[in-house]
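Written below as structure tokens is the structure these notes are about.
The values are calculated or read from the model by the stated rules, or taken from the named source; none is laboratory data. Bear in mind the structure is a predicted one, so any value in this text is a computation, not a measurement. Reconstructed Cβ throughout: ideal geometry from the backbone, glycine too, with neighbour counts over all protein chains shown. Calculation scope for accessible area: heavy atoms of the full protein, side chains included, ligands and nucleic acids excluded. Shrake-Rupley method; radii C 1.70, N 1.55, O 1.52, S 1.80 Å.
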Amino acid sequence: MPTECSAELFEFAPVEGRRVVAGFDGGAITTDAGALLLGQADRAIRLIERFAACFHDARMAELVEHQVSTLVLQRVFGIALGYEDLNDHDELRCDPVLAVLAGKLEARRADCAPLAGKSTLNRLELSRPEPTRYHKVSHDPAAIERLFVDVFLEAHRRVPEQIVLDLDATDDPLHGHQEGRFFHGYYDCYCYLPLYVFCGRHLLAAKLRRSNTDASAGAVEEIARIIAQIRRRWPRVRILLRGDSGFAREALMAWCEANRVDYLLGLARNERLQAAIAAELVAASVESLQTGKPARRFKDFRYATLDSWSRERRVIGKAEVTGGEANPRFVVTSLTPAEASARHLYEAIYCARGEMENRIKECQLDLFADRTSAATMRANQLRLWFAAMAYVLLCALRRIGLAHTQFAQATCGTIRLKLLKIGALVRVSVRRIKIAMSSACPYQNEFGLAHALLANAAR
């Protein structure tokens, strides 16, 4: 009979005459008990099930310990919980809460943990569109791209009259010798140049691209695909496309005009444009000198480039003077003056696109969408999609479960810190699994409300 040894105790400074001791004898404890809310959010929108269906498993079923759905859940939930590296899963594979969420408390083999480790997950990330001898799991890129739009469409109970699609390109710095790596002069680093498409907080596309290309490269194809999918469900919805000057290209504007899509795009300034608002700049300068405050004027006019545009288009010029310095800005749009005046068009509609920058920061800073350190672009694109799915899952949690709480507008990082990172003791018995969360958690009311709303949505 084995000898029962007492756990080693660590002595610390006493408090109010009481000894302070610690030991690793607390049982099965997790730091991520709030991930149960992620599980509820997933049941409400069936994200993991549908994402896993985008993969094809050609492995021998009788030899498989970890199903693709389990691998996908681990990767998406891991990113949402702040575990950016595959190496983290060598410890997470024994986490009791993740095991509960995966529906697998014990492994079939004695030498295996309930969940997969880094090597198995790495093979998933290296999957190809077609299975090979060494990569039995493959994925369907087109199905993954459609899933983002499907989740967006299902998030609306009623068909909106109008939606605004925001496009933006950003830098994804690289620090190795990844495929497709190029130096970008504007960002002053080697990077990728991913294209993001959002509608409000909803992520509709995350496309990895090489950085030796124009910011608008591939935008027409992505927008055509997304809008075709939207219009199959909402044939009469009005769509406004919004982006910065990197997307003010003839191909994109002409496509919009031919397909009943409005656009509002930034326009890079040049001498001809600045000359068109010279009088407004003078008036703004005079007002600024008189008041000592910034001043701005707007001019609405027709404009065409010398050779790259096929037609004249409506341009709004903002003549602004701040601190004695001129700051002219321009936008080009298909919207008519009757639909929106120059000032309203620029200040209320165009400037609102800055909110998209916050969504990209959530993806890249909170959910590690820029963690593209695999050797191939294909693997890095799949990594980007895993991070994007983690964003979609947290967005569903925020939209459904936290709508009436102080976290209704919180970032993904804040939601993780306040509601997901909760310490708990996990007790498994014959009849139930009890997850005893910290009584000191200050957000118990928000957790309870989120649970109720998500449970109702999952019915």
Mind checking which residues of the stretch 199-214 are assigned to a loop (DSSP other than H, G, I, E, B) and open to solvent by less than 30 Å² (accessible area, probe 1.4 Å)?
-> L208, R209, S211
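Which of the strands (runs of 3 or more DSSP E) found entirely inside the stretch 220-329 contain at least 3 residues meeting this: open to solvent by less than 70 Å² (accessible area, probe 1.4 Å), within 23 Å of L167 (Cβ to Cβ) and among the hydrophobic types (A, V, I, L, M, F, W, C)? Explain how you work it out, then say what you get.
Numbers: elements: 238-243, 262-267, 295-303, 313-322.
Where strands (runs of 3 or more DSSP E) fall fully within the stretch 220-329 and carry at least 3 residues being open to solvent by less than 70 Å² (accessible area, probe 1.4 Å), within 23 Å of L167 (Cβ to Cβ) and among the hydrophobic types (A, V, I, L, M, F, W, C), they are 238-243, 262-267.
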Within the stretch 390-406, residues being open to solvent by less than 10 Å² (accessible area, probe 1.4 Å) and part of a loop (DSSP other than H, G, I, E, B) number 1
Residue count, the stretch 130-143 (criterion: out of contact with any Lys or Arg (no Cβ under 8 Å at 6 or more places or on another chain) and either open to solvent by 50 Å² or more (accessible area, probe 1.4 Å) or of a type in the set (S, T, Y) (or both)) | 6
On the given criteria, is L384 touching a helix residue (DSSP H, G or I) at 6+ places or on another chain (Cβ under 8 Å) and either modelled with pLDDT of 95 or more or crowded, with 23+ Cβ neighbours inside 10 Å (or both)?
-> no
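For R343, indicate whether it is of a type in the set (D, E, K, R), at pLDDT 95 or above, open to solvent by 80 Å² or more (accessible area, probe 1.4 Å) and not in a strand (DSSP E or B). Can you show your working first?
Numbers: of a type in the set (D, E, K, R): yes; at pLDDT 95 or above: yes; open to solvent by 80 Å² or more (accessible area, probe 1.4 Å): yes; not in a strand (DSSP E or B): yes.
Yes: the conditions hold for R343.
Mind counting the residues in the stretch 56-76 that are within 23 Å of the chain's Cα centre (by Cα) and open to solvent by 20 Å² or more (accessible area, probe 1.4 Å)?
In the first step, residues of the stretch 56-76 are kept if they are within 23 Å of the chain's Cα centre (by Cα); the result is 68-76.
This time we only want the ones that are open to solvent by 20 Å² or more (accessible area, probe 1.4 Å), so: 69.
Result for the stretch 56-76: 1.
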The condition from (1) in a strand (DSSP E or B); (2) more than 16 Å from R359 (Cα to Cα); (3) open to solvent by less than 10 Å² (accessible area, probe 1.4 Å) that Y196 misses is numbered (2)
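Restricting attention to the stretch 144-165, report how many residues are touching a residue at least 24 places away in the same chain (Cβ under 8 Å) and either open to solvent by 40 Å² or more (accessible area, probe 1.4 Å) or within 23 Å of R371 (Cβ to Cβ) (or both).
Taking the stretch 144-165 as the starting set, the residues that turn out to be touching a residue at least 24 places away in the same chain (Cβ under 8 Å) are 144-155, 159-165.
Subsequent filtering for residues that are either open to solvent by 40 Å² or more (accessible area, probe 1.4 Å) or within 23 Å of R371 (Cβ to Cβ) (or both) retains 144-148, 150-151, 154, 159, 161-162.
Within the stretch 144-165, residues that are touching a residue at least 24 places away in the same chain (Cβ under 8 Å) and either open to solvent by 40 Å² or more (accessible area, probe 1.4 Å) or within 23 Å of R371 (Cβ to Cβ) (or both) number 11.
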Scan (1) open to solvent by 10 Å² or more (accessible area, probe 1.4 Å); (2) under 11 Å from the mean Cα position of the chain (by Cα); (3) of a type outside the set (A, V, I, L, M) for the single condition C363 breaks and write down its number.
-> (1)
For the stretch 413-447, what are the residues that are closer than 28 Å to N358 by Cα and either open to solvent by 40 Å² or more (accessible area, probe 1.4 Å) or of a type in the set (S, T, N, Q) (or both)?
-> T414, L417, K418, K421, P442, Y443, Q444, N445
Restricting attention to the stretch 10-27, report how many residues are over 22 Å from K421 (Cα atoms) and open to solvent by 100 Å² or more (accessible area, probe 1.4 Å).
-> 5
Being in a helix (DSSP H, G or I) and either free of Cβ contacts under 8 Å to residues at least 12 places away in the same chain or open to solvent by 20 Å² or more (accessible area, probe 1.4 Å) (or both) is the filter here, so list the residues in the stretch 28-44 that pass it.
-> L36, Q40, D42, R43, A44
Any residue at all in the stretch 283-298 that is touching a residue at least 40 places away in the same chain (Cβ under 8 Å) and within 38 Å of the chain's Cα centre (by Cα)?
-> yes
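Test Y186 against the stated conditions and say whether it is among the aromatic types (F, W, Y), in contact with a Phe, Trp or Tyr (Cβ under 7 Å, 6 or more places away or on another chain) and either surrounded by fewer than 16 Cβ atoms within 10 Å (Cβ to Cβ) or not in a helix (DSSP H, G or I) (or both). Even if it seems obvious, please write down each step before you answer.
Details: among the aromatic types (F, W, Y): yes; in contact with a Phe, Trp or Tyr (Cβ under 7 Å, 6 or more places away or on another chain): no; either surrounded by fewer than 16 Cβ atoms within 10 Å (Cβ to Cβ) or not in a helix (DSSP H, G or I) (or both): yes.
When the stated conditions are applied, Y186 does not pass them.
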